[in-house]
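To start, the structure itself, in structure tokens.
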Amino acid sequence: MSGSSQIPRTKPTDSNRVQLVVICVASFVVWAGFGAILPYLPVFLQEEADASIRYIGVIAAAYYLGTFVFSGFLGGLSDRIGRKPIMVAGVWIYAIATFLFITTTHPVWFILFRFLEGMGAAAVFPAGQAFIADITPERNRSQAFGWLSTAQFGGLVAGPALAWPLYQLGGGEGRWAFYSIFLFGSALAVVTAVALMLLLREPVKHRTPEEPANARPPYRRLLTRPVMAFMLISGTMHFAFGSWEVIWSIWLRELGASMSFVGLTWILFSVPMLLSFVGGYFADKHNRFRLMFVGYAISAGCWIVYGSTRNLTLFLVFAVVEGLAVAVANPAKQAFLVQVSPRRWIGAIQGMDATATHSAALVGTLVAPFLFEIISGRVIAVTGVLALLGLLIAAPTLAGEWRRLTASSAITLEPGGDGSA
């Protein structure tokens, strides 16, 4: 532990910067494919596969079931066998699953395809977050996560922007208009998998000499109060996201919005997220807890607005506000979570956090269609209230942990500090 209260002025090496760029570019490409598909998939299932909104909820839930089942296991496995093989395998699985979208319009098969996509995501995201933590010093870690978020949401900007001309290229209506988008997403994932295979280098593993290389993560010991507080925040925020994935496009269509307007809402949320690297810069210099809390609280407030208005102009305004808030909150949250994680088991902690994230989103996808039939778009406001409650419950624990880390000079070069266990 450092004897100074200042964060050491250690900078990442040129090699690690290159690796960060590789991860960011790969994330941009994958999220561009994801962003192109997601706004159109519920409409495709409704219009071309004759799926009911409840069935669409089950299909969306299958993705989160895949991430829920595999995130913890694959995150811990990346601590044991390495980040790269897990990430590469995950992107290949995602590419194949997305390609399978064009093989049928029977909605039952989409349950399997989305489950496989969830499995691929469970391999990529915890291992990728842990990879970033492995190659960045504490002083610059929020910025690194900020650049990762910038790349991801840059893909979400590019994806919907490209999806509309792809939709028109496929005929502007009917099955092949959607198929052109699915093929695009799958091709981008293939390119990403090949790039990771060629360019990514495995980071140095962190373990004590007496620890065997294949030691299993002690999950019960890793469930500290701060980690559980983070899991609560992730869960309540992503319950809202899971609900939104099912009903957002359908709700806007019900209000009379065109598909181009639906895509525009995604873009206007995602463009401010390009400033995540700025949010990361501030998080490295200021109170990470405070930035995380305020950003997510504003985001929850935006959800309450979404479910309380039928004014389409307000949807656009608050999409921008929410994007800016999340651009501040996400890098702070990711770096703060790494601070309370033992450096040997960062992948396991990321997997546990992802499990909380996607299990809650899974519930959201299943519950939202039923609530939508009863209270229509107001279900979005309900999820915003739940997200705000999660923040308020977790706040005392995480505020106290931040004070403890600051007082004990636990911000060090490596993740974990002296409170890692």
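Laboratory data are not the source of any read-out in this text; all were calculated from the coordinates shown. Predicted, not measured: the structure shown is a model, and the values here were computed from it. Positions of Cβ are backbone-derived with ideal geometry, glycine not excepted, and every protein chain shown enters the neighbour counts.
Worth a mention:
- Using alpha-carbon coordinates, inclination of helix 14-37 to the longest axis of the chain, degrees: 20
- In the chain, helical runs assigned H by DSSP with n ≥ 4 each contribute -39500 (n - 2.57); averaged across all residues and rounded to the nearest 500, the mean residue ellipticity at 222 nm is -27000 deg cm²/dmol.
- Helix 225-254 axis, angle to the chain major axis (alpha carbon atoms, nearest 10°): 20
- Segment 327-342 and segment 280-313: distance between their alpha carbon centers, rounded to Å: 15
- Residue-count net charge about residue 48 - beta-carbon cut-off 12 Å; Lys, Arg +1, Asp, Glu -1: -2
- Ranked by how many other Cβ atoms sit within 10 Å of their own Cβ, fewest first, the residues 352, 273, 259 fall in the order 259, 273, 352.
- Unit charges at the beta carbon, dipole of the chain: most positive-side option, 405, 232, 304: 405
- The C-alpha atoms of the chain define a longest principal axis, and helix 141-169 lies at about 10 degrees to it.
- Cα shape, segment 210-302, gyration tensor, a/c 1.5 rule: prolate
- Only the Cβ atoms of Lys and Arg (+1) and of Asp and Glu (-1) were treated as charged; on that basis the dipole of the chain about its Cα centre amounts to roughly 1120 debye.
- Label point distance in nm, residue 370-residue 312, each placed 7 Å from Cα along Cα→Cβ: 3.2
- The value of relative contact order for segment 189-347, using C-alpha pairs under 8 Å at least six residues apart, is 31 percent.
- The charge dipole of segment 242-315, taken about its Cα centre with unit charges on the Cβ atoms of Lys, Arg (+1), Asp and Glu (-1) only, comes to about 200 debye.
- Shape of segment 107-174 from the C-alpha gyration tensor: oblate (a/c of 1.5 or more and a/b not above b/c, with a ≥ b ≥ c the square roots of its eigenvalues).
- Computed over segment 261-416: relative contact order in percent, which uses C-alpha pairs under 8 Å that are six or more apart: 35
- Averaging the sequence gap over all C-alpha pairs within less than 8 Å and six or more residues apart, then dividing by the number of residues, gives the chain a relative contact order of 29 percent.
- Gyration tensor verdict on segment 283-370 (Cα atoms; rounded if a/c is under 1.5, prolate if a/b is larger than b/c, oblate otherwise): oblate
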